[in-house]
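Accompanying notes for the structure given below.
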Amino acid sequence: MDWTGNVPPVRPRSVSFSSLESMFGDSVYISHREGNGEPDSKSQDLAPAPRVSQPAIVVDEAKWRTLSSFLPLLHLLSAFTEVNGHYILSGPITDDDIHSFQEHAKHVKEFVHHPPLAYHVISCSNTPIDPCNAAQSTAQPQPPFISSSVFLRLLVHQRTSLLPSLERLDVTHTTPDLQTILTLFHTPSLTSVELVNLPDSPHLHSFLTSLYSESPGLESLTLRGPQRIPISNLSKIRELKILQKLVLDRVVDIGDYTVLQGISQLQYLTELVVRLDPDVQGGDLPAKSQYVPLEKASPGFAALELLRISAPFRLITDVLRNIASTSLKALDVAPIFYQSQYLDREHLKKLQDVEQREYDEAVKRLKNVSRIQR
C-alpha cells in the first residue's frame, strides 16, 4: 500500500520456459480452458506430442572410432549445408538429428586432426616479432569454414559433451574454426592430448588451464612448437594428478627451474621431455647472467623413469639435483651453450667449465641410470 492508500498492482515474475522445463520436465505446457472446463483447440495444439521411441541405429564402431574432422558427424544433421564458403544450419535441428548425432558420437574414441599442408600458410618469416608476416606468406585455399553457430545450436540440445567417449585428441596446425571450439573436446574420458604448432589464443589458454577439472583422468600431454605459448598456460598442469607423460617441445621459454618445480610434484610422472629453442635459450649471454641457480627446492619427480632435456646446463643441473626417483633408467641430455659478446672467449670457457662440473656432480648422485646419452 502506498501513501494514497492504494494497493500497487502485483507484477508477475517472468519465468523462462527452460527453467520451468528443468523443474517440471515434459509436464510444462500452456493450457487454455473453455467455459465447460474442457481444454480448447489451442491447448490441444500446444500440448506436447506423446514421445515416440527412437529407432535403433546400427553404427559401424570401427569406422567411427577415429575422426579427423567434425564434418562426418555434422552431415548427419538434415539442415547442415554449405553457403558461400561457410557450413551452416539452414533449418531446425530435429529429434531424429540429435538421436543420430549422439548414437554416432558416442563411438568416437580418437580425434586426429592433421590437415593437409595445402590448407596452411606454406611460407612464413617465422620471426619472434612477426611469426607469420602476411606480406611474405603464400596461402593456399582454405576448406569451407564451419560457423560457430552450428556448435552453439548443437549444445542447446546436448546434455553431455559432444564427444562423450573421447580418449585421444591429436591436433596439428588447427584451422580457425577448430581453434575456437577447443573446449568442446573436454570430456572426463580424455586420457591423451597432443597439440602441435597451435598459436596462442584465449581458446587455447582456456582449454589448457581447465584440463585438470574437465579431464582429470589425463595421462599424457604433449605440446609442440614452433609456435610459442605463454608460460601461464602451464600453470595448471601440476593439477593433473595422474599425468604420466609430459612433453614440452619448443613451445615455451623456460627461464629457470621455478616453472618445473610444480610439475616435479606429480607423483605418477614417469616420462618428461623438455626441449627449449636454442635460438632463444642459447642466445647472447649478458655480462651478468639473469639465471639464478636453484639453491633449495623440495625433491620431486618421484616416479620418473625417462628424462629427455635440451636446455642450458644450469637448468639441466637444477632438474637433476632435485630428482628423487630411484627408478630413472634413461637420461638423454642435449645442453645448449651460450654465446656472448660481453665476455671474452677465456671467461666464457671458464663459465662453461663450471657448469660442466656442476652437471657432472649432479649426474653422479643419480643411481640405477642404465643409459646416459649426451
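Here, each number is a calculation from the coordinates, and none is a lab measurement. Being a predicted model, the structure only gives us computed values, none of them experimental. All Cβ positions, even for glycine, are placed from backbone atoms using ideal geometry, and neighbour counts span all protein chains on display.
Full extension of the chain between Arg153 and Val59 yields a length gain of 31.4 nm, computed as 0.36 nm times the residue separation minus the alpha carbon distance. Exceedance of the 32 Å cut-off in Cα-Cα distance is limited, within the set Lys109/Lys236; Lys236/Lys329; Lys241/Lys364; Lys241/Lys329; Lys241/Lys349, to Lys241/Lys349. Computed from backbone phi, the HN-Hα couplings of segment 242-254 come to 10, 4, 10, 9, 9, 10, 10, 10, 6, 10, 9, 9, 9 Hz, rounded to whole numbers (Karplus: 6.51 cos²θ - 1.76 cosθ + 1.60, θ = phi - 60°; Gly and Pro given as x). The loop-placed trypsin sites (Lys or Arg not before Pro) in segment 57-121, going by DSSP, that have at most 14 neighbouring Cβ atoms within 10 Å of their Cβ come out as Arg65. Full extension of the chain segment joining Glu194 with Val354 gains 53.9 nm, where the gain is 0.36 nm per residue of separation less the Cα-Cα distance.
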